[in-house]
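Chemist: Please read through the structure below; I'll follow up with questions.
No lab work stands behind these numbers, since they all come straight from the coordinates. Everything numeric here is computed off the predicted structure, so don't read it as measured data. Note that each Cβ is placed from the backbone with ideal geometry, even for glycine, and that neighbours are counted across all protein chains shown.
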Amino acid sequence: MSWRRTVEPFLRPFVYAWFKLARGLTLGVRGVVTDAEGRVLLIEHTYVHGWYLPGGGVEKGETAITALKRELVEEAGVRLTGPPKLLSLHSNHAHHPNDHVLVYRCPDWEPCLATSRGEVSQVGWFALDALPEGLKPGHRRRVEEALLDRPVEDLW
């Protein structure tokens with residue numbers, strides 16, 4: 001087991017408390033990327049269990065699309081070659097007070113070298129009928145909304 005997965009549950013409350021004090025509102029982005037076979041791209045972090053859509057927080061001075069492009073390269077080795085399409089906006093208040101997440105469909109991309117070191121343990125491509133057991137529920141709903149035309153839910 002990675003040392004990050006051991007330490008992260010203890011640090012998480014402090015990080016969230018800091019975010020709550022330092023930031024009135026936070027914004028995150030996630031990308032729904034598919035390959036030529038229709039498989040969806042998912043990542044597994046070194047510091048938490050489960051599979052996630054690639055993405056992360058929008059930093060100060062950064063646009064949402066710039067953050068999405070940065071996160072896709074860092075985490076998954078995916079460089080967008082065309083504009084992403086905004087699919088939905090979700091409240092993530094259950095997990096992070098005052099947090100919202102934008103979900104983008106990313107149809108045009110090319111592989112590149114992932115630049116993050118130590119943050120991602122696995123990158124995988126999964127058929128819609130074979131999504132991994134550990135796919136987090138909110139991420140599963142976003143995949144189904146984006147690729148299976150399910151109704152969009154406001155809450156993450």
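Chemist: What does the charge add up to near residue 35, with Lys and Arg as +1, Asp and Glu as -1, over the other residues with Cβ less than 13 Å from its Cβ?
Modeler: Within the 13 Å Cβ shell, the charges total -2.
Chemist: Would you tally the net charge around residue 130, using a Cβ to Cβ cut-off of less than 15 Å, leaving residue 130 out, and scoring K and R as +1, D and E as -1?
Modeler: Values: positive: 39, 140; negative: 35, 37, 129, 133, 144.
Local charge sum for residue 130: -3.
Chemist: Defining a contact as two alpha carbons under 8 Å apart and six or more residues distant in sequence, what relative contact order in percent does the chain show?
Modeler: So the answer I get is 28 percent.
Chemist: Between residue 129 and residue 105, what FRET efficiency follows from the Cβ-Cβ distance if R0 is 30 Å, with the result rounded to 0.05?
Modeler: E(calc), rounded to 0.05, equals 0.95.
Chemist: Per residue of the stretch 55-66, in order, report the coupling 6.51 cos²θ - 1.76 cosθ + 1.60 (Karplus, θ = phi - 60°) as ³J(HN,Hα) in whole Hz, putting x for Gly and Pro.
Modeler: The phi angles translate into x, x, x, 8, 8, 4, x, 10, 7, 4, 5, 4 Hz.
Chemist: Using modelled backbone amide H atoms (1.01 Å from N, in-plane), which distant-in-sequence or interchain residues come within less than 5 Å of residue 135's amide H?
Modeler: Counting only residues 5 or more places away or on other chains, the set is 51.
Chemist: Residue by residue, what Karplus-based ³J(HN,Hα) values in Hz, rounded to whole numbers, does the stretch 129-134 have, using 6.51, -1.76 and 1.60 with θ = phi - 60° and x for Gly and Pro?
Modeler: 8, 9, 5, x, 3, x
Chemist: Find the percent of Cα-Cα distances in the chain that exceed 18 Å, and round it to a whole number.
Modeler: So the portion of pairs separated by more than 18 Å is 59 percent.
Chemist: Let me ask another. Over the stretch 73-119, calculate the relative contact order: mean separation of alpha carbon pairs under 8 Å at least 6 apart, over the residue count, as a percent.
Modeler: 51
Chemist: Skipping prolines and chain starts, which residues have an amide H placed within reach, meaning under 5 Å, of the one on residue 45, given they are 5 or more residues away or on another chain?
Modeler: Distant-sequence amide H within range of residue 45: 121.
Chemist: Taking residue 85 as the anchor, which aspartates and glutamates have their alpha carbon closer than 17 Å to its alpha carbon, excluding any fewer than eight residues away along the same chain?
Modeler: 35, 71, 108, 110, 144, 145, 149
Chemist: Let me ask something additional. Determine the shape class of the stretch 68-155: with a ≥ b ≥ c the square roots of the Cα gyration tensor eigenvalues, call it rounded for a/c under 1.5, and otherwise prolate if a/b is greater than b/c, oblate otherwise.
Modeler: Details: a/c = 1.40, a/b = 1.35, b/c = 1.03.
Note, shape of the stretch 68-155 comes out rounded.
Chemist: Compute the longest continuous run of the chain that contains no exposed GluC sites (Glu not before Pro); treat a site as exposed when its DSSP state is not H, G, I, E or B and it has at most 12 other Cβ atoms within 10 Å. The partial results should precede the final answer.
Modeler: On the way: sites that count: 37, 59, 133.
With a cap of 12 other Cβ atoms within 10 Å, the longest stretch comes to 60-132.
Chemist: Would you calculate a helix-derived [θ] at 222 nm for the chain, using -39,500 (n - 2.57) for each DSSP H run of n ≥ 4 and dividing by the full residue count, to the nearest 500?
Modeler: Helix contribution divided over all residues of the chain: -8000 deg cm²/dmol.
Chemist: Another question, if that's okay. Once you have the Cα-Cα distance between residue 7 and residue 153, take 0.36 nm times their residue separation minus that, and quote the gain in nm to one decimal.
Modeler: Numbers: separation 146, 0.36 × 146 = 52.56 nm, distance 3.22 nm.
Here the answer is 49.3 nm.
Chemist: Report for the stretch 26-105 the percent antiparallel among DSSP-assigned beta bridges with both residues inside it, nearest 5.
Modeler: 65
Chemist: Considering only DSSP beta bridges whose two residues both sit in the chain, what percent are antiparallel, to the nearest 5?
Modeler: 70
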